[in-house]
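The values are calculated or read from the model by the stated rules, or taken from the named source; none is laboratory data. Please read all numbers here as calculations on a predicted model, not as lab measurements. We place every Cβ from the backbone using ideal geometry, glycine too, and count neighbours over all the protein chains shown.
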Amino acid sequence: MFGQVVVGPPGSGKSTYCAAVVEFLRGLGRNVCVVNLDPANERCAYEPDLDIRDLVQLDAVASEHALGPNGALIYCMEVLEKNVDWLIDHLVELSRTHDACRYFLLDLPGQAELFTHHHALKHVLDELVYQPKLRMRLCTVNLVDVHYCLDSSRFVSVLLHSWCTMLHLEQPHVNLVTKMDLADQFEGMNIRTEAFSADSEYVLDTDHLVEQLDQGHKAGRFASLNAALLEAVDDYAQVWFYTLNLSDRDCMLHAQMKIDQAMGYVFREQDALRAAAQAQARAQTNE
Ligand SMILES: Nc1nc2c(ncn2[C@@H]2O[C@H](COP(=O)(O)OP(=O)(O)OP(=O)(O)O)[C@@H](O)[C@H]2O)c(=O)[nH]1
Ligand SMILES: [Mg+2]
């Protein structure tokens, strides 16, 4: 089985991505299920095939334990960690009942510590990977709002956050810059857009970033820190980004191809047959 673990800061577009990608992949003939793992997600942008809210709900936890939204969310993820068998059994069940589905999208809540240092999500993902019933191959799909890539200092924090997520979750990892349909609306874009080009393998231009940072008003004070951080990013060459415009089919295909490559998914005969049957049905409806 295969799974995209869709993570990223609040509002970066995770649920919208899941809704768009499930439609897109089904349109290509791939049998995909979508799992809501955000206990605060009352109204999903998609019809979830499995919903954590059947196990635990954020509002109920908050009022029962007098917790604020952040504490309640962490509590919910710890409930999921303790009940990981619930998740595993339902995924196995879905793979049986949902026409042998073996490809899942997991929509996560947008709380940074879950991805960068808290143990609950990491343990849940490890169970999905190592549990003999599943042996899932996962890819973390880390979404970043393009808005945070438009000035150099915010982009550096995006870089470090994305890197921490990759190191903490220890899964194959793809970073996608979302909401590219809005990119043109922003004035004074400091990061060169060609750095995110979908048709070239992206190489991060850290020299350009250091130049930009050195022109900022706190440049003198932080110049050597900026240079050291970006040198580390450069030296290890582990962080790069692809763009995502949900309304651009080629861009969607490119992103899905990168994710498939990262987790070793191969479009197999059964998928090809389903795609052919769908194409035939569409042709008959159009006749
Ligand atoms: N223009 C544009 N808006 C988007 C896109 N993706 C998401 N949005 C908007 O961004 C907002 C947040 O989207 P969500 O999909 O709810 O983001 P999320 O990451 O799931 O948010 P949380 O679950 O609260 O962390 C919504 O108003 C979406 O309509 C996109 O590709 N383009
Ligand atoms: Mg969401």
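Between a residue in the stretch 3-28 that is at negative phi and any residue that is assigned to a loop (DSSP other than H, G, I, E, B) and more than 11 Å from ligand 1 (Cβ to nearest atom), which pairs come within a Cβ distance under 8 Å, given they are 6 or more apart or on different chains?
That search, which allows pairs on different chains as well, returns Gly3/Met136; Val5/Gln171.
Just give me the residues in the stretch 175-206 being modelled with pLDDT of 75 or more and assigned to a helix (DSSP H, G or I), in sequence order.
Met180, Asp181, Leu182
Residues that are within 16 Å of ligand 2 (Cβ to nearest atom) and surrounded by fewer than 21 Cβ atoms within 10 Å (Cβ to Cβ): find the helices (runs of 4 or more DSSP H) completely inside the stretch 6-114 holding 1 or more of those.
Of the helices (runs of 4 or more DSSP H) lying wholly inside the stretch 6-114, those with at least 1 residues that are within 16 Å of ligand 2 (Cβ to nearest atom) and surrounded by fewer than 21 Cβ atoms within 10 Å (Cβ to Cβ) span 14-27, 58-65, 69-82.
Please go through the stretch 124-183 and give me each residue that is out of contact with any strand residue (DSSP E or B) (no Cβ under 7 Å at 6 or more places or on another chain), closer than 30 Å to Ile88 by Cα and among the hydroxyl-bearing types (Ser, Thr, Tyr), ordered by number. Before you say what the answer is, go through the steps one by one.
Pass one, the stretch 124-183, residues out of contact with any strand residue (DSSP E or B) (no Cβ under 7 Å at 6 or more places or on another chain): 124, 126-127, 130-135, 147-148, 150-157, 159-161, 163-164, 167-168, 170, 181-183.
Then keep just the ones that are closer than 30 Å to Ile88 by Cα; that gives 124, 126-127, 130-135, 161, 163-164, 167-168, 170.
Residue satisfying the conditions is Tyr130 alone.
Give me the pairs, please: first residue somewhere in the stretch 145-174 and over 22 Å from Ala227 (Cβ atoms) and assigned to a helix (DSSP H, G or I), second residue anywhere and of a type in the set (Phe, Trp, Tyr) and modelled with pLDDT of 85 or more, beta-carbon distance under 9 Å, and either six or more positions apart or on two chains.
Pairs that qualify, where the first residue is over 22 Å from Ala227 (Cβ atoms) and assigned to a helix (DSSP H, G or I) and the partner is of a type in the set (Phe, Trp, Tyr) and modelled with pLDDT of 85 or more, are Thr165/Phe115; His168/Phe115; Leu169/Phe115.
Out of all the residues in the stretch 68-115, which are in contact with a Cys (Cβ under 6 Å, 6 or more places away or on another chain) and either within 16 Å of ligand 1 (Cβ to nearest atom) or free of Cβ contacts under 8 Å to residues at least 24 places away in the same chain (or both)?
Leu105, Asp107
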